[in-house]
1. Would you check if Glu73 is over 23 Å from Leu9 (Cα atoms) and not hydrophobic (A, V, I, L, M, F, W, C)?
2. Kindly provide the set of residues from segment 45-87 that are of a type in the set (Ser, Thr, Tyr) and within 19 Å of Ile22 (Cβ to Cβ), ordered by number.
3. Over 14 Å from the mean Cα position of the chain (by Cα) and surrounded by 13 or more Cβ atoms within 10 Å (Cβ to Cβ): is that true of Leu89 in this structure?
4. It is to be established whether one or more residues within segment 100-111 are farther than 17 Å from Thr23 by Cβ and of a type in the set (Ser, Thr, Tyr).
5. Can you name every residue in segment 48-66 that is touching a strand residue (DSSP E or B) at 6+ places or on another chain (Cβ under 9 Å) and surrounded by 14 or more Cβ atoms within 10 Å (Cβ to Cβ)?
6. So which residues in segment 89-116 are part of a strand (DSSP E or B), touching a residue at least 60 places away in the same chain (Cβ under 8 Å) and either in contact with a Ser or Thr (Cβ under 7 Å, 6 or more places away or on another chain) or more than 18 Å from Thr26 (Cα to Cα) (or both)?
7. Which residue, of Thr100, Thr115, is touching a strand residue (DSSP E or B) at 6+ places or on another chain (Cβ under 8 Å) and polar (S, T, N, Q)?
8. Pull up segment 67-84, narrow it to residues that are touching a helix residue (DSSP H, G or I) at 6+ places or on another chain (Cβ under 8 Å) and part of a strand (DSSP E or B), then point me to the one that is surrounded by the most Cβ atoms within 10 Å (Cβ to Cβ).
Amino acid sequence: MPRRIRMRLDLEDKIRNYNVEITPVTEETIPELAGIMLDAYRDTVDYEGEDLKQTEDELGRVFRGLYGPVLKEASHTIWENGEAAASVLVCLFKHEPTITYTFTRKASKRKGYATALINKAEEELLKQGYRTLHLFVTLENRDAVNLYESLGFYEVPVTTVTEIITG
């Protein structure tokens with residue numbers, strides 16, 4: 001069974017340049033996001049055999065608060081030639097901003113889209129007064145772990161003092 005770890009980024013105020021079209025995520029884009037999410041996860045360690053309908057249902061649950069409220073100001077999609085290419089969804093999970101999903105269409109990988117989306121989330125979270133961003137990642141997904149580490153994320157315990165106190 002794949003092992004998941006929790007990672008944390010201490011947010012920093014820095015200058016960012018985005019050379020791509022980044023727009024806020026909306027519920028209306030769930031069908032398109034489901035397509036790129038399924039494409040991104042299929043044939044990876046994180047793929048659990050979902051089909052398009054199941055992926056749409058999961059995204060619907062995210063928007064309905066399965067992992068806490070969606071932080072729409074920090075959740076974005078990158079568009080390429082009029083089509084969604086990558087997206088990041090950030091929720092307030094257990095009172096902490098947490099990347100619930102980040103995914104990039106296979107044909108759009110290695111273009112810096114995930115980096116741009118996470119940087120944009122960091123920028124927006126700082127504006128809202130947050131100081132950290134968390135995520136969970138499958139340890140066997142080395143490409144993702146390497147990306148997150150390159151952005152400054154580091155592994156933290158799954159259970160924190162805040163989680164123990166707030167239950």
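1. No: the conditions fail for Glu73.
2. Hits for segment 45-87 are Ser75, Thr77, Ser87.
3. Against the criterion (over 14 Å from the mean Cα position of the chain (by Cα) and surrounded by 13 or more Cβ atoms within 10 Å (Cβ to Cβ)), Leu89 does not qualify.
4. Scanning segment 100-111, I find at least one residue that is farther than 17 Å from Thr23 by Cβ and of a type in the set (Ser, Thr, Tyr), so the answer is yes.
5. Glu58, Leu59, Val62, Phe63, Leu66
6. Residues satisfying the conditions are Leu89, Glu96, Phe103.
7. Thr100
8. Checking each candidate, the answer is Ile78.
The values are calculated or read from the model by the stated rules, or taken from the named source; none is laboratory data. Note that the coordinates shown come from a computational prediction; the quantities given were computed from them, not determined experimentally. So basically every Cβ, Gly included, is an ideal-geometry build from the backbone, and we count neighbours across all protein chains shown.
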